[in-house]
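A.B. asks: I have a structure I would like to understand better, so I am pasting it below and will then ask my questions one at a time.
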Amino acid sequence: MAGDVLIFAEHLEGRIAPSTFEAIAIGRELGSRPGGQVRVALFGEKVRGLADSLAGCGVEVLLVEDSALVEYTPDGYGQAAHSVIESTKPRLILVAHTSQGYDLAPALAGTMDLALVTNCLTLRFDGERLVASRRLLNEKVQAEVEISSSRPIVATVRPGSVKAAGPAAGGKVTVTPVRIDASKARARFLSIERPQVQDIDIAGADIIVSAGRGIQKKENLPLIEEFAKALGGVVGASRPLTDMDWLPKTRQVGQSGKTVRPKLYVACGISGAMQHVAGMKDASLIIAINTDPSAPIFEVAHVGIVADVLKLLPATLKELKS
């Protein structure tokens, strides 16, 4: 078992979920211990192309294909996962903390009598103990949880908590036969029902322009939207704005909202409370605009502008249009 890490990949409609590549980044770091190996289990049917893309991250991909695994179901994936865990005997099992992950991970831990820690921000080994960092009490407290176990440990990782793994050499795909007993399947996949009105997933955006209390009133939101559109980005918000229903909760950046890592993050009239900063501090370039020169947001900004955002943005838009 040593320091082996097993990751369960997630995919939908022919695409690997970004959270899977983030889990691989964590796995590669943890699996770098002496004797450690990182494997990614991919379930599905006719998904060899996805397996090859995962192998491009320098990991061994255990490809399990079966007609019962075309789409996620707790029983089908549960049987396949159980078999792979028994055959590989990893030290740590990583699953993204998504709707699929927090369905699969507790089920595995419960049926196999394994330790479970969920919604982790960071993971590290301290000798034979696993140390997980996670937030509690509505994101107000950050705690470290230590787990010692002679059996595999299951952990779910919060999406957006680390940068996705990049390409690396040495990966390979291993076809892994697993028997799925369809008679034990209590649920079956019917279809994906999407809401008629879809909002933007800001977690995947390269450019985010976020608004805070500094924009003063809801009627000024069109200015933020126009500026974001001019940059080719999307609009985000601090919690006070979503609490007032100026923008939907899906646009909220911070500990109780989305954790984002865009190439450019523009904070417009945001003071920089700890809860907000935790969700955007890893952006490649942070530009902060605030009238208060002592605003905490300037401590994490790469470029800080002391100005009234309601005056600066119109002037900037005029220059961009010209």
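The values are calculated or read from the model by the stated rules, or taken from the named source; none is laboratory data. All figures in this text were calculated on a predicted structure; none of them were measured in a lab. Ideal geometry is used to build each Cβ from the backbone, glycine not excepted, and the neighbour counts take in all protein chains shown. Only protein heavy atoms, including side chains, enter the accessible area calculation; ligands, DNA and RNA are left aside. Shrake-Rupley method; radii C 1.70, N 1.55, O 1.52, S 1.80 Å.
A.B. asks: Run the quick spin-label model on E299 and A169: label points 7 Å from Cα toward the beta carbon, then report their separation in nm to one decimal.
C.D. replies: Spacing of the two 7 Å Cα→Cβ label points: 4.4 nm.
A.B. asks: Once the other residues with Cβ under 9 Å from the Cβ of V173 are scored (Lys, Arg +1; Asp, Glu -1), what is the net sum?
C.D. replies: Numbers: positive: R48, K172; negative: D52, E60.
Summing Lys and Arg as +1 and Asp and Glu as -1 gives 0.
A.B. asks: Same structure, new question: For the chain, what relative contact order do you get, as a whole percent, if you take Cα pairs closer than 8 Å and at least 6 residues apart? Mind showing how you got there, number by number?
C.D. replies: Values: 676 pairs, mean separation 46.6, N = 322.
Answer for the chain is 14 percent.
A.B. asks: Charges only on Cβ, +1 for Lys and Arg, -1 for Asp and Glu: so what's the dipole of the chain about the Cα centre, in debye to the nearest 20? Each step should come with its number before you reach the end.
C.D. replies: Values: 36 positive and 35 negative charges, 60 e Å.
The calculated dipole for the chain is roughly 280 debye.
A.B. asks: Report, to the nearest 10°, how far helix 18-30 tilts away from the longest principal axis of the Cα atoms in the chain, using its own Cα long axis and a range of 0 to 90°.
C.D. replies: Tilt of helix 18-30: around 70 degrees.
A.B. asks: While we're on this one: Quick check: at a probe of 1.4 Å, how many percent of the accessible area of the chain sits on carbon and sulfur atoms? Spell out each step's value before the answer.
C.D. replies: Values: 8240 of 15900 Å².
Percent of accessible area from carbon and sulfur atoms in the chain: 52.
A.B. asks: Please give the per residue accessible area of the chain, computed with a probe of 1.4 Å over protein heavy atoms only, in Å². The partial results should precede the final answer.
C.D. replies: Working: 15900 Å² over 322 residues.
In whole numbers, the chain has 49 Å² accessible per residue.
A.B. asks: State log₁₀ I(q)/I(0) for the chain at q = 0.11 Å⁻¹ as given by the Debye formula over alpha-carbon point scatterers of equal weight, solvent excluded.
C.D. replies: The computed values of log10 I(q)/I(0) come out as -0.77.
A.B. asks: Counting DSSP beta bridges in the chain, what percent are antiparallel, to the nearest 5? If you can, show how the numbers build up before the last one.
C.D. replies: Working: 15 of 62 bridges.
Once the DSSP bridges in the chain are tallied, antiparallel ones form about 25 percent.
A.B. asks: Do the alpha carbons of any pairs in K184/K249; K218/K281; K163/K321 sit beyond 32 Å of each other, and which pairs? Working shown, then result.
C.D. replies: Numbers: K184/K249 39 Å; K218/K281 26 Å; K163/K321 34 Å.
Beyond 32 Å: K184/K249; K163/K321.
A.B. asks: Size of the dipole of the stretch 109-237 about the Cα centre, Lys and Arg at +1 and Asp and Glu at -1 on the beta carbon, nothing else charged, in debye to 20? All intermediate terms of the calculation are to be shown ahead of the outcome.
C.D. replies: On the way: 18 positive and 14 negative charges, 60 e Å.
Charge dipole, the stretch 109-237, about its Cα centre: 280 debye, nearest 20.
A.B. asks: For the stretch 182-298, what class follows from the C-alpha gyration tensor (a ≥ b ≥ c being the square roots of its eigenvalues): rounded when a/c is under 1.5, otherwise prolate if a/b is larger than b/c, else oblate? Write down the numbers at each step before the final one.
C.D. replies: On the way: a/c = 2.28, a/b = 1.97, b/c = 1.16.
Since a/c reaches 1.5 and a/b is larger than b/c, the shape of the stretch 182-298 is classed as prolate.
A.B. asks: If you don't mind, another one. Treating only the Cβ of Lys, Arg, Asp and Glu as charged (+1, +1, -1, -1), what charge dipole size does the stretch 150-206 show about its Cα centre? Round to the nearest 20 debye.
C.D. replies: Values: 9 positive and 5 negative charges, 99 e Å.
Approximately 480 debye in magnitude.
A.B. asks: Given points 7 Å out from each Cα along the Cα-Cβ axis, report the S149 to S133 separation in nanometres with one decimal.
C.D. replies: 2.2 nm
A.B. asks: Which GluC sites (Glu not before Pro) does the stretch 86-187 hold that lie in a coil by DSSP with at most 12 other beta carbons within 10 Å? List each step's numbers first, then the result.
C.D. replies: Numbers: sites: E86, E128, E139, E144, E146; in loops: E128, E139.
Here the GluC sites (Glu not before Pro) that fit, given the DSSP loop and packing criteria, are E128.
A.B. asks: Could you point to the residue in L130, T176, C120 farthest towards the positive end of the stretch 105-207's charge dipole, with +1 and -1 charges on the Cβ of Lys/Arg and Asp/Glu respectively?
C.D. replies: T176
A.B. asks: Would you please give the FRET efficiency between I287 and T250, computed as 1/(1 + (r/R0)^6) with r the Cβ-Cβ distance and R0 = 35 Å, to the nearest 0.05? Walk me through the numbers before you get to the answer.
C.D. replies: On the way: r = 23 Å, r/R0 = 0.65.
The value I calculate is 0.95.
A.B. asks: Find how much the distance from F189 to D206 grows on full extension, using 0.36 nm per residue of separation minus their present alpha carbon separation; answer in nm with one decimal. Write out the running numbers ahead of the final one.
C.D. replies: Values: separation 17, 0.36 × 17 = 6.12 nm, distance 3.29 nm.
Full extension of this stretch gives 2.8 nm more.
A.B. asks: Taking all pairs of distinct Cα atoms, average 1/r, flip it, and tell me the Kirkwood hydrodynamic radius of the stretch 89-153 in Å to one decimal place. The partial results should precede the final answer.
C.D. replies: Values: mean 1/r = 0.0800 Å⁻¹.
12.5 Å is the Kirkwood radius here.
A.B. asks: Can you give me the distance in nm between label points at D199 and S67, each placed 7 Å from the Cα along the Cα-to-Cβ direction?
C.D. replies: 4.1 nm
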